[in-house]
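These notes concern the structure reproduced below.
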Amino acid sequence: MSAKKLWMRTLAWAGIATLAVFLAYLAVGAVNLSLAKIISELLRGPSGGADWENTVLWQIRMPRAIACLCAGGILGIVGSAFQAMFRNALAEPYVIGVSSGAAVGGTLAILLGWDFGLVRVGLAMSGALASLVLVLAVARRQGAINIQSLLIGGVVVGALLSGFVTLNLWMAGQDMKILWWLLGSTSPMYWDRVSALVLALVLGFIVLHRQSRALNAFSVSEFMAERQGVEPVKLKWIVLVTSSAMTGVAVGCVGIIGFVGLLAPHIARRILGSDLRVTMPVSALLGSTLLMGADILAQRLKPGTELPLGAVTAVLGAPALLWMLRKKG
């Protein structure tokens, strides 16, 4: 089978799997909805609370499903780009500490009572970008801004900002809202936050996928990238800023979700190889499918309550990653 046919077939199957899990997400819950009913209500559109099935679908499940779809896609895309740029298969969307920066902004919004509209999302994204500035400052102190100095900067800044997150948790006292969000949750989800996720996913994918050829060369070496006409400094800026903003939006909406951005690119590479032009879109679909599936489990594993989404992805993702690494070895 040619590489192009393999990519098209994999993309098609990944799309079918994503659609199937999306429909399952809409169908499964405290009250199950049939596929015929889902299609009927989708064609009908929001009825403004005229009946409970329409309300459940459009006001509760649909925004959560699309939020998982977009957040998982963002993590898959960013994880794919970071693993190429850092030339490390264990790199993930939070590798340079932007999750800690986003968490500081998000926890501050909740602590101050500003958790409405897009304020938390905006502060989380601002925190992620601010943490990137700090990482770059630390990296510059190490000399040239290269992959190693960025990783060192990420560790230092991530540890510092994690302390601020802990301080915000302490100041919140017995209010569990901050902790619940940090552990990952899509409840409640509002349409304005869904819109922010859709925008971040679409714009971020366009920007990063346009850099896929350059990242392919950069993943071999900076020298190889320069030989092919790539400007490494410009590439780093584009990838770091875009990825940090995307991650900030995702964290601001659904909290810190581990392993999705690490596992999805691994699966895509196992099937298709290392060409980001084909693996990045597949990683996005796989990330969406993984996060939607995890959220279904988070809601249904213990009837009457929900498990933290980040805990579910960690419990399922860690063994899956270890199995894949062992098989590769």
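What the table shows:
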{"item": "The one condition in (1) over 23 Å from Ala294 (Cβ atoms); (2) without any contact (Cβ under 8 Å) to a residue 24 or more places away in the chain; (3) among the hydrophobic types (A, V, I, L, M, F, W, C) that Ile38 fails to fulfil", "result": "(1)"}
{"item": "Residues satisfying the stated conditions in the range 86-100, i.e. among the charged types (D, E, K, R) and either free of Cβ contacts under 8 Å to residues at least 40 places away in the same chain or at positive phi (or both)", "result": "Arg87"}
{"item": "The range 222-258, residues that are surrounded by fewer than 24 Cβ atoms within 10 Å (Cβ to Cβ) and either among the basic types (Lys, Arg) or on the phi > 0 side of the Ramachandran plot (or both)", "result": "Arg227, Gly229, Lys234, Lys236"}
{"item": "Positions within the range 267-292 being of a type in the set (D, E, K, R) and in a helix (DSSP H, G or I), in sequence order", "result": "Arg269, Arg270, Arg277"}
{"item": "Residues being surrounded by 16 or more Cβ atoms within 10 Å (Cβ to Cβ) and without any contact (Cβ under 8 Å) to a residue 24 or more places away in the chain - total across the range 139-151", "result": "2"}
{"item": "Among the residues listed as Met189, Met224, the single one being of a type in the set (A, V, I, L, M), within 22 Å of Ala128 (Cα to Cα) and at pLDDT below 95", "result": "Met189"}
{"item": "Those residues of the range 202-221 which are assigned to a helix (DSSP H, G or I) and open to solvent by 40 Å² or more (accessible area, probe 1.4 Å), in sequence order", "result": "Val202, Leu203, Phe205, Ile206, Val207, His209, Arg210, Arg213"}
{"item": "Every residue from the range 293-309 that is touching a Ser or Thr at 6+ places or on another chain (Cβ under 8 Å) and either surrounded by fewer than 20 Cβ atoms within 10 Å (Cβ to Cβ) or assigned to a loop (DSSP other than H, G, I, E, B) (or both)", "result": "Glu306, Pro308"}
{"item": "Hits in the range 269-287 - residues which are open to solvent by 10 Å² or more (accessible area, probe 1.4 Å), small (Gly, Ala, Ser) and modelled with pLDDT of 95 or more", "result": "Ala284"}
{"item": "Check on Ile257, within 11 Å of the chain's Cα centre (by Cα), closer than 29 Å to Ser195 by Cβ and not charged (D, E, K, R)", "result": "yes"}
{"item": "Residues of the range 167-191 satisfying the condition of being open to solvent by less than 20 Å² (accessible area, probe 1.4 Å) and hydroxyl-bearing (Ser, Thr, Tyr)", "result": "Ser185, Thr186"}
{"item": "Test result for Arg193, over 24 Å from Lys4 (Cα atoms), in contact (Cβ under 8 Å) with a residue 60 or more places away in the chain and basic (Lys, Arg)", "result": "yes"}
{"item": "Test: residue in the range 88-102 that is under 30 Å from Gly173 (Cβ atoms), in a loop (DSSP other than H, G, I, E, B), open to solvent by less than 50 Å² (accessible area, probe 1.4 Å) and of a type in the set (D, E, K, R)", "result": "no"}
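The values are calculated or read from the model by the stated rules, or taken from the named source; none is laboratory data. Values in this document were obtained by computation on a predicted structure and should not be read as measured data. We place every Cβ from the backbone using ideal geometry, glycine too, and count neighbours over all the protein chains shown. Surface accessibility is based on the protein's heavy atoms, side chains included, excluding ligands, DNA and RNA. Shrake-Rupley method; radii C 1.70, N 1.55, O 1.52, S 1.80 Å.
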